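Peer 1: Mind having a look at this structure? Questions to follow.
The values are calculated or read from the model by the stated rules, or taken from the named source; none is laboratory data. Please read all numbers here as calculations on a predicted model, not as lab measurements. Note: ideal-geometry Cβ built from the backbone for every residue, glycine included; neighbour counts use all protein chains shown. To get the accessible areas, we keep the full protein, side chains included, count just its heavy atoms, and leave off ligands, DNA and RNA. Shrake-Rupley method; radii C 1.70, N 1.55, O 1.52, S 1.80 Å.
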Amino acid sequence: MLIKVCGLSEESEIAEIANSGVDMLGFIFHKASLRNLNYDESKGIFIRDLTSKKVGVFVNEEFDYVLQTGFYFQLTHIQLHGNESPEMVVALSCYFKVIKAFSIHSKFDFEVCDLYQSADLFLFDTKGDLPGGNGAQFDWELLDSYQGNTPFLLSGGIGKDDAEAIKKVNHPLFAGIDINSKFEITPGRKNIPEIMEFINDLNVSKPKTRKGYYGEFGGAYIPELLYNSVHELEIAFEEIKTNEEFRSKFKQLLRDYVGRPTPLYYSNKLSEKHSANIFLKREDLNHTGAHKINNTIGQILLAKEMGKTNIIAETGAGQHGVATATVCALMDMECTVFMGTVDMERQKPNVQRMKMLGAKVVAAESGSKTLKDATNEAIRYWINNPSSFYVIGSVVGPHPYPEMVAYFQSVISEEMRFQLQEKTQKMNPDIIVACVGGGSNAAGAFYHYLDEESVALYCVEAAGLGLDSGKSAATSHLGTTGIIHGSKSLVMQTDNGQIIEPHSISAGLDYPGIGPLHAHLIKSGRAKSIAVTDADALKAGLDLTRTEGIIPALESAHALAALDKIELKNKTVVVNLSGRGDKDLETYLAKLNLAENEIE
């Protein structure tokens, strides 16, 4: 059930509601309303930065005003609450999702709704003296007369005592509720405790996902010696999510230091090849050459808030290690990075960068001497040095790490939505493709589309030498439910729970597990998994280099290779180009037997 809270205006209340589990935040742009949003530049910036679904409510306004306001506040939905024409709904639907409101009374003709079928949602409110916020209910039995095809939100006088009645509404197109005046202290000022209690009452009869879990996957399976450190981190993370000063610092560094927003580049060559509209989200153009710095800035800022000065990290391809060392240098932090000796050999440039940045690089020499083993060593160090702050680089590990890393990486899909709107007049692509080892770049690319069922999500894993070769890292294809690095997820393991060593030509995908979010998305059917071999990834990486002048990281090359395995014709597709291939040049050259003068 969708829950929309409308008539918000106070920044502190907006932040609290946004983190309460509510699905939509409603802002009224109607000067005659007591809840009209009186905004200044500060409030505009605050609302634009919100990652929640944002609904702007308008009453008989001009098309240009609605459009400009929607773009300015980066709204996801436009709600039309007056006598707007069906043609206006059609025009606005090119840019936003549209909610068309109707004032319901005993003689209302629901066939009028048929004229507005281009709307994404209807809202059925009570007819009163005002366009909305009258605080009165209509007879909900009238809903039986609605025989259309568009889902609807129920509004009008819903109060704290209506939870049980709402749960009994059984219309097949009932999608959720809109609450407003009955949860106010004064117009525009919400009674937050009552809203929280009401939300809890609505969900009492529904099975709840445990905190820190995605379906059956997630949790914090940790030694007792780490409990205090993880619990302290969880509390601090929850606090900074509503800390406007922290959010401002984070956004400022992403803009001025990292170089965001990264471009959304239309690839003519790929589009022509696949008869589709293919865009590349250029995370390779970030400072340090990959998406990893989005997360390291967020976590190291959090470490400073917690008074930590000793930072540790694990790395496989080296990009997370370089990003961690970079931000530690910026913020005057001590930095130790754990890296498998196999990865140190195949990623020498990144090892050199880390050392140049002042980090201590510690070799992991156990097991396969790759990412898994680097993570093991980092966790051992953390247990023995609980005052340190462990910056995990992917959506793996004990709660709150998977949630926290996805939160900091969500800037990727946040930018995609408005870049797509600018380029295609729609925020949603048809398909998003991203490589997945642990899955941080994919989590960031998927984040704002997880509830958009029309957007197909593809997780691309490393098949290595082939799924049946015994030399693979395609966890979702080969793994079973188990525990790895403090989290319940899919794991490549033997029948008695021993880890099967993974293999991939790409150090960043050479991991025997997968983040619990992705395990849940794949198992539930929300996302599809594709496995790409070393050979196909190498070919795709070289093809992009030769046709577009972009050398992708081998991780990203797996996502590019997956395009040959998906039906793309006439689709709008975004491939998350998670990193650049400077670090992989020796591998490209050695495996493809290319001489340097041939590249030139």
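Peer 1: For region 30-38, just list the computed ³J(HN,Hα) in residue order, Karplus coefficients 6.51, -1.76 and 1.60, θ = phi - 60°, integers in Hz, with x standing in for Gly and Pro.
Peer 2: 9, 4, 6, 7, 5, 9, 4, 7, 8
Peer 1: Could you compute the FRET efficiency for TYR227 and ALA535, with r as their C-beta to C-beta distance and R0 at 41 Å, rounded to 0.05?
Peer 2: 0.35
Peer 1: Moving on. Report ³J(HN,Hα) in whole Hz for each residue of region 261-273, in order, from the Karplus equation J = 6.51 cos²θ - 1.76 cosθ + 1.60 where θ = phi - 60°; Gly and Pro get x.
Peer 2: These are the phi-based 3J(HN,Hα) values: x, 6, x, 10, 9, 7, 8, 4, 5, 5, 4, 5, 4 Hz.
Peer 1: Taking only the C-alpha atoms, wrap a convex hull around region 290-392 and report its volume per residue in Å³ as a whole number. Each step should come with its number before you reach the end.
Peer 2: Working: hull volume 7.9 nm³, N = 103.
Expressed per residue, the convex hull around the Cα atoms of region 290-392 is 77 Å³.
Peer 1: Would you mind telling me the share, in percent, of accessible area of region 216-319 contributed by carbon and sulfur at probe 1.4 angstrom?
Peer 2: 50
Peer 1: Turning to a different aspect of this structure: For helix 63-73, what angle does its Cα long axis make with the longest principal axis of the chain, in degrees from 0 to 90 and rounded to 10?
Peer 2: Value to nearest ten degrees: 40.
Peer 1: Ok, one more. What accessible area per residue comes out for region 56-124, rounded to a whole number of Å², with a 1.4 Å probe?
Peer 2: 42
Peer 1: Quick check: residue separation of GLU238 and SER524 times 0.36 nm, minus the Cα distance between them. What number comes out in nm?
Peer 2: Numbers: separation 286, 0.36 × 286 = 102.96 nm, distance 2.71 nm.
Result for the pair: 100.3 nm of gain on full extension.
Peer 1: Given charges of +1 on the Cβ of Lys and Arg and -1 on the Cβ of Asp and Glu, with all other atoms neutral, how large is the dipole of region 12-155 about its Cα centre, in debye to the nearest 20?
Peer 2: Here region 12-155 has a charge dipole of around 300 debye.
Peer 1: Amide H to amide H, which residues 5 or more places from LYS190 or on other chains are under 5 Å from it, using H placed in the peptide plane?
Peer 2: ILE185
Peer 1: Using label points projected 7 Å from each Cα along Cα→Cβ, tell me how many nm separate VAL90 and LEU330, to one decimal.
Peer 2: Between VAL90 and LEU330, the label points sit 4.8 nm apart.
Peer 1: Of all accessible surface on region 437-548 at a 1.4 Å probe, what whole percent is carbon and sulfur?
Peer 2: Here carbon and sulfur together make up 49 percent of the probe-accessible area.
Peer 1: Another question, then. Given the chain reduced to its alpha-carbon atoms as identical point scatterers, what log10 I(q)/I(0) does the Debye formula return at q = 0.06, 0.09, 0.10, 0.11 Å⁻¹?
Peer 2: Log10 I(q)/I(0), no solvent term: -0.33, -0.73, -0.89, -1.05.
Peer 1: Can you work out the FRET efficiency for the pair ASN593 and GLU111, with r the C-beta to C-beta distance and R0 = 41 Å, to the nearest 0.05?
Peer 2: 0.05
Peer 1: What ³J(HN,Hα) values, in whole Hz, does the Karplus curve 6.51 cos²θ - 1.76 cosθ + 1.60 give for region 408-423 when θ = phi - 60°, with x put for Gly and Pro?
Peer 2: Ordered by residue, 3J(HN,Hα) equals 6, 7, 5, 4, 4, 6, 4, 5, 4, 4, 7, 5, 5, 4, 5, 8 Hz.
Peer 1: In addition: Find the cysteines in the chain that fail to meet the 4.7 Å Cβ criterion with every other cysteine, and list them.
Peer 2: For the chain, the answer is CYS6, CYS94, CYS113, CYS435, CYS459, because their Cβ atoms have no other cysteine Cβ under 4.7 Å.
Peer 1: Taking the solvent-accessible surface of protein heavy atoms with a 1.4 Å probe, what is the per residue accessible area of region 504-600 in Å²?
Peer 2: In whole numbers, region 504-600 has 40 Å² accessible per residue.
Peer 1: May I pose another question? Report the far tail of the P(r) of region 479-538, meaning the percent of Cα-Cα pairs longer than 20 Å.
Peer 2: It works out to 32 percent of all Cα pairs.
Peer 1: Tally Lys and Arg at +1 and Asp and Glu at -1 over the other residues with C-beta under 12 Å from the C-beta of GLN419: what net charge comes out?
Peer 2: Within the 12 Å Cβ shell, the charges total +3.
Peer 1: Quick one: what Rg and Dmax do you get for region 473-599 from the alpha carbons, in Å?
Peer 2: 16.3, 51
Peer 1: If you don't mind, there's one more thing I want to ask. So with the 1.4 Å probe, I'd like the accessible area per residue for region 387-459, rounded to whole Å².
Peer 2: Details: 1660 Å² over 73 residues.
It amounts to 23 Å² per residue over region 387-459.
Peer 1: To the nearest 0.05, how large is the calculated FRET efficiency for TYR257 and GLN498 if R₀ is 60 Å and r is the Cβ-Cβ distance? Present the calculation step by step, with values, prior to reporting the outcome.
Peer 2: Working: r = 43 Å, r/R0 = 0.72.
According to the calculation, E is roughly 0.90.
Peer 1: Continuing with this model, one more query. Ignoring any ligand, DNA or RNA, what whole percent of the accessible area of region 1-102 comes from carbon and sulfur when the probe is 1.4 angstrom?
Peer 2: 49
Peer 1: With every protein chain left in place, what is the accessible area of TYR401 in Å² (1.4 Å probe, nearest 10)?
Peer 2: Surface open to solvent at TYR401 totals about 0 Å².
Peer 1: Within the set LYS308/LYS591; LYS4/LYS269; LYS167/LYS190, which residue pairs have Cα atoms separated by over 32 Å?
Peer 2: Result: LYS308/LYS591; LYS4/LYS269 exceed 32 Å.
Peer 1: Need one number: % antiparallel among DSSP beta bridges in the chain, to the nearest 5.
Peer 2: Counting only bridges with both partners in the chain, antiparallel ones make up about 20 percent.
Peer 1: Can you give me the distance in nm between label points at GLU11 and THR51, each placed 7 Å from the Cα along the Cα-to-Cβ direction?
Peer 2: Inter-label distance under the simple model: 2.0 nm.
Peer 1: On to the next question. Based on alpha-carbon positions alone, could you give the equivalent ellipsoid semi-axes of region 1-150 from the gyration tensor, as √(5λ), descending, whole Å?
Peer 2: The equivalent ellipsoid of region 1-150 has semi-axes of 26, 17, 15 Å.
Peer 1: How big is the convex hull of the Cα atoms of region 382-475, per residue, in Å³?
Peer 2: Enclosed volume per residue, from the Cα hull, is 129 Å³.
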